[in-house]
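Notes follow once the structure below has been shown.
The values are calculated or read from the model by the stated rules, or taken from the named source; none is laboratory data. Small disclaimer: the values here were computed from a predicted structure and weren't measured. Don't worry about glycine lacking a Cβ; one is built from the backbone with ideal geometry, like all the others, and counts go over all protein chains shown. Remember, those area values only see protein heavy atoms, side chains included, never the ligands or the DNA or RNA. Shrake-Rupley method; radii C 1.70, N 1.55, O 1.52, S 1.80 Å.
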Amino acid sequence: MALGPGAPPRLRRGVSPNPAQAREAFAARFDFGPDVVAIAPGRVNLIGEHTDYNDGFVLPMAIARATVVAARRRDDAVLRACAVNLGREVTLSLDHPLARQPTDPWVDYVLGVLAQWRTIGHTAPGMDMLIAGDVPIGCGLSSSASLTMAVLRAVEHLSNTEIDGIEAALLGQRVENVFLGLSCGIMDPFVIRNAREGHALLLDCRSRAFEHIPVALEGYAFVIANTGVTRGLTASKYNERVAECREAVRTLCTTSGKSGTHLRDFTLDDLKAAQNAMEPITFCRARHVITENARTIEAAAALRAGDASAFGALMDASHASLRDDYAVSCDELDAVVTIGRAHPACLGARMTGAGFGGCAVLLVRRDAVEPFTEELLAEYHRAMGIRGEVIVSGPAAGAGVLH
């Protein structure tokens, strides 16, 4: 949901779609109630950007914006799916090989889950399904993984089979990598499936080891600011960054004598020793990833210690690195960060997500959130001519089922 110049500023305090309304809408459309209502949150990454596909560390949290999927099992091999937000509906046979639908790409995420469900040895049930949600689309809060994980929860329930959280995250990643042909790491489906209310999730993207860390920065809250700019260049630029990181790894293997496979395997000293053997851009890309991994580990330690000042400083450093070394920020993101940091109630700010638009996340004194958000939106509109959106949300729970 990109907000244009004519849209009013909006302050959202994390009210997820109402499951009871989803039940009612399902009954109105299909003439009977659902067997299951599944819900999966969006997510915001607090720090650790562009590290996931480099086998590094990330520190996201789930947010109280969500996708709700109401579903009922059918006796035949038919999928009837209705997307409330889009006003679209499809009816498809599941007896045929599952393929992408060019006229209704939203249903590809449903079909992708069913296809991957089959690959792990299960039967994809026929079903009637209604989808609703309030995770903004195209702004880096992972509306796609939210949909995927909500659908998976519903399919598990209708199949009377539950898989574990890591397997579910891997299935969600394969939906995008294999069925949709999109490059992405494991972070989004992992946190959306495995988040714990009141906690951030520190994830090692290589080993998939993770830790729930209480978000207890006393007196402070995270504010998510949507620039209203859809990330139009993300796919091509993302692929460029992946290629640049791989090139850096090849050079580092030669200069260091190490046999690493990802930038995770190298230190800043390794990189500095290789600087003359690399293109300047490649060096900068690698410097961001290596230092961002270190910042993420430090940020987790600051969160455990309840050190808001240290956490904020790491957010600032992360944004500078993403802007200058990784070159994935944009004027609108920089404006939000600059305006936010000029306010005395803000301890830190950074872009979040892939970049080139989308959202920033800011650490703000809790008792000043209301005036802060009002001033941020007003100043941003004056500076960029765009009315953004602000979401205030505590750390939410991961995907679940409401029987």
Residue tally, condition of a type in the set (A, V, I, L, M), over 19 Å from the mean Cα position of the chain (by Cα) and either under 21 Å from A299 (Cα atoms) or open to solvent by less than 10 Å² (accessible area, probe 1.4 Å) (or both), over the stretch 318-335: 1
Hits in the stretch 255-283 (condition: among the charged types (D, E, K, R), touching an Asp or Glu at 6+ places or on another chain (Cβ under 7 Å) and closer than 17 Å to E244 by Cα): R264
Scope the stretch 103-136; condition part of a loop (DSSP other than H, G, I, E, B) and either in contact with a helix residue (DSSP H, G or I) (Cβ under 9 Å, 6 or more places away or on another chain) or small (G, A, S) (or both); matching residues: I120, G121, H122, T123, A124, P125, G126, V135, P136
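Are any residues in the stretch 87-97 assigned to a loop (DSSP other than H, G, I, E, B) and at pLDDT 95 or above, and if so, which ones?
Answer for the stretch 87-97, where residues must be assigned to a loop (DSSP other than H, G, I, E, B) and at pLDDT 95 or above: just L94.
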Qualifying positions in the stretch 377-403 - over 23 Å from P60 (Cα atoms) and open to solvent by less than 20 Å² (accessible area, probe 1.4 Å): Y380
Residue within the stretch 266-274 that is of a type in the set (A, V, I, L, M), open to solvent by 20 Å² or more (accessible area, probe 1.4 Å) and touching a residue at least 40 places away in the same chain (Cβ under 8 Å) present: no
Pair list, Cβ < 7 Å and 6+ apart or interchain, from the stretch 310-327 residues that are without any contact (Cβ under 8 Å) to a residue 60 or more places away in the chain and of a type outside the set (D, E) to residues that are assigned to a loop (DSSP other than H, G, I, E, B) and open to solvent by less than 40 Å² (accessible area, probe 1.4 Å): R323/S329
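Of the residues G172, G219, G133, G140, which is surrounded by fewer than 24 Cβ atoms within 10 Å (Cβ to Cβ) and small (G, A, S)?
G219
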Test: residue in the stretch 35-58 that is more than 22 Å from the chain's Cα centre (by Cα), part of a loop (DSSP other than H, G, I, E, B) and touching a residue at least 24 places away in the same chain (Cβ under 8 Å): yes
